[in-house]
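Structure first, then comments.
Please treat every number below as a calculation from the coordinates, not as lab data. Model, not experiment: these values are computed from the prediction. Glycine gets a Cβ as well: all are built from the backbone with ideal geometry, and neighbour counts include every protein chain shown.
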Amino acid sequence: MSKKSFSFQFVTFNDMVSALELIFSPSAASVILFTAAVKCGAQSYNRMKKEFGTKEEALRRLSELKRKENWGKLTFRNVDFANGSGKVIVADAFETVARKAEGRETSQPCCNFFRGFLTGFLSELFEKSVTVTEEKGVGKGDEHCEFIFR
């Protein structure tokens, strides 16, 4: 991992999302965030892949890294390494923290960037196209965010 980095506050991320929604539309902003993040997740995997020898280690390292970067607390469950499927539970996902800080509740899952990042990372890890869906989300009132991948 490169030591060069920058960060910005949750509110700034939320401001960026709001700007995208204003310029395009809420649904287009979701697509833009997701699509950009797929590339980010794939590139992240390719930068990190020398750091681990197994797929299990890759998921452990991803969880550690994203916790350190304050993206949230990732827990992988029921992972089928042969088929590339499973579940990711995320507590304190940065997208929902940003939304809640601004009082922006939604009835829909809203972790579009996170979902895209996982899609890119997991697709590279399993060497096939992986679909990630957000089944639960704090932004819509659930206890945590939950993603299913297959």
Next item on the list: Enumerate the calculated ³J(HN,Hα) couplings along the range 82-90 in order (Karplus 6.51 cos²θ - 1.76 cosθ + 1.60, θ = phi - 60°), each rounded to whole Hz, writing x wherever the residue is Gly or Pro.
Entry: 6, 9, x, 9, x, 9, 10, 9, 10
Next item on the list: Largest first and in whole Å, give the semi-axes of the range 46-100's equivalent ellipsoid, each being the square root of 5 times a Cα gyration tensor eigenvalue.
Entry: 22, 15, 8
Margin query: How much length would be gained if the chain were fully extended between S107 and K73, taking 0.36 nm per residue of separation minus their Cα-Cα distance, in nm to one decimal?
Written below: 10.0 nm
Checklist line | Loop-located GluC sites (Glu not before Pro) in the range 115-150, at most 10 other Cβ atoms within 10 Å (DSSP) | finding: E127, E143
Next item on the list: Name the residue, out of S44, S25, S63, whose mean-square fluctuation peaks in a Gaussian network model built on the chain with Cα pairs under 10 Å.
Entry: S25
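Taking chymotrypsin sites (Phe, Trp or Tyr not before Pro) as exposed when DSSP calls them loop (any state but H, G, I, E, B) and at most 11 other Cβ atoms lie within 10 Å, what is the longest stretch of the chain free of them, the sites themselves excluded?
For chymotrypsin sites (Phe, Trp or Tyr not before Pro) (loop position, at most 11 other Cβ atoms within 10 Å), the longest site-free span of the chain is 9-150.
Can you compute the helix-only [θ] at 222 nm over the chain? Use -39500 (n - 2.57) per DSSP H run of at least 4 residues, normalise by all residues, nearest 500 deg cm²/dmol.
Numbers: 5 runs with 74 residues, N = 150.
Calculated at 222 nm, the ellipticity per residue is -16000 deg cm²/dmol.
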Next item on the list: Scan the chain and note any complete DSSP helix (H) whose C-alpha atoms cover at least 24 Å along its axis and whose Kyte-Doolittle average is -0.5 or more.
Entry: 26-48
Item checked: Efficiency of FRET from Cβ geometry, K128 and I148, R₀ 22 Å, rounded to 0.05 -> 0.85
Next item on the list: Calculate, in nm to one decimal, what A91 and L22 gain on full extension: separation in residues at 0.36 nm each, minus their alpha carbon distance.
Entry: 22.0 nm
Note to self: Please list log₁₀ I(q)/I(0) at q = 0.14, 0.19 Å⁻¹ for the range 1-118, using the Debye equation with identical point scatterers on the alpha-carbon positions.
What the structure shows: -0.65, -1.15
